[in-house]
Amino acid sequence: MKVVLLHSALGDSRLWRRQVEALAAAHEVVAPDLPGWGTEPLPTEAFSLVDYVTRFLPAALVGNSFGGGVALRTALAHPDRVSRLVLVGSGVPAWDWTQGLRDHFAREEAAFDSGDLDAATEVNMEFWVAPQYRDEVRPQQRLALELQTAHEEPELIWPEPAPLSSLGMPVLVIVGDQDKPDFIAIARHLAEEIDGAELAIVEGAGHLVGLDRPAELNALLVEFLAD
């Protein structure tokens, strides 16, 4: 099976290296950098992340955080071309964030708007990433911010929204029990609204489950993708 891994906004495709190693023996694994991260510069004209991901289909999609939101929208737009869907600490469109998340986004935006990319990076490291992994993630986040400020940000185009109930493929929703309350609530919402979806809560994991508890995430992925 072809498996496409979509990274969070905190880093790039390198965040998945532990999962690539675990899945490569049984699957064709693709872990692309999304535009504006890693090796992919931010486009200068309006673009669609869903169109970008569609080039890798048909496949199973696995997405974390922002990458989970992209995976979800891609699956909703092309349900016949996504064989399985795994959403890890996933975002969803138009979520009503709690005050704690809004305060964090405001701190990040203030640093970003002032041009202090180092400060914006640290705001995200301290909020999202366990201390032992910050040296690994920090360069990825810093590079992404450089790419995303290289020129004026283009319009990001999303397809017309479809209801979660329209997803017909098998879906696994995963969240760390130490993730932010918003993302635990989102995971429960997705599991309730998507017919037949499974929910797995990983003990001891925060927002980046693949870093915090790689063995547990790998086991969930191997089992789900092998069914």
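Bear in mind these aren't lab numbers, they're just calculated from the coordinates by the rules spelled out. Values in this document were obtained by computation on a predicted structure and should not be read as measured data. All Cβ positions, even for glycine, are placed from backbone atoms using ideal geometry, and neighbour counts span all protein chains on display.
Of the residues that make up segment 54-76, is at least one closer than 21 Å to Pro154 by Cα and part of a loop (DSSP other than H, G, I, E, B)?
Looking only at segment 54-76, we keep the residues that are closer than 21 Å to Pro154 by Cα, and these are 54-55, 66-67, 69-71, 73-74.
From what is left, the residues that are part of a loop (DSSP other than H, G, I, E, B) are 55.
There is at least one residue in segment 54-76 that is closer than 21 Å to Pro154 by Cα and part of a loop (DSSP other than H, G, I, E, B).
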Tally, over segment 189-198, of residues that are surrounded by fewer than 18 Cβ atoms within 10 Å (Cβ to Cβ) and touching a residue at least 12 places away in the same chain (Cβ under 8 Å):
5
Set Ile201, Ile186: member being touching a residue at least 12 places away in the same chain (Cβ under 8 Å) and either in a strand (DSSP E or B) or in contact with a Cys (Cβ under 9 Å, 6 or more places away or on another chain) (or both):
Ile201
Is there a residue being surrounded by 14 or more Cβ atoms within 10 Å (Cβ to Cβ), touching a helix residue (DSSP H, G or I) at 6+ places or on another chain (Cβ under 6 Å) and without any contact (Cβ under 8 Å) to a residue 12 or more places away in the chain anywhere in segment 129-144?
yes
Kindly provide the set of residues from segment 19-32 that are crowded, with 16+ Cβ neighbours inside 10 Å and of a type outside the set (A, V, I, L, M, F, W, C), ordered by number.
Gln19, His27, Pro32
Single match in Pro43, Pro79, Pro35 (criterion: crowded, with 18+ Cβ neighbours inside 10 Å, of a type outside the set (Asp, Glu) and either part of a loop (DSSP other than H, G, I, E, B) or touching a Cys at 6+ places or on another chain (Cβ under 6 Å) (or both)):
Pro35
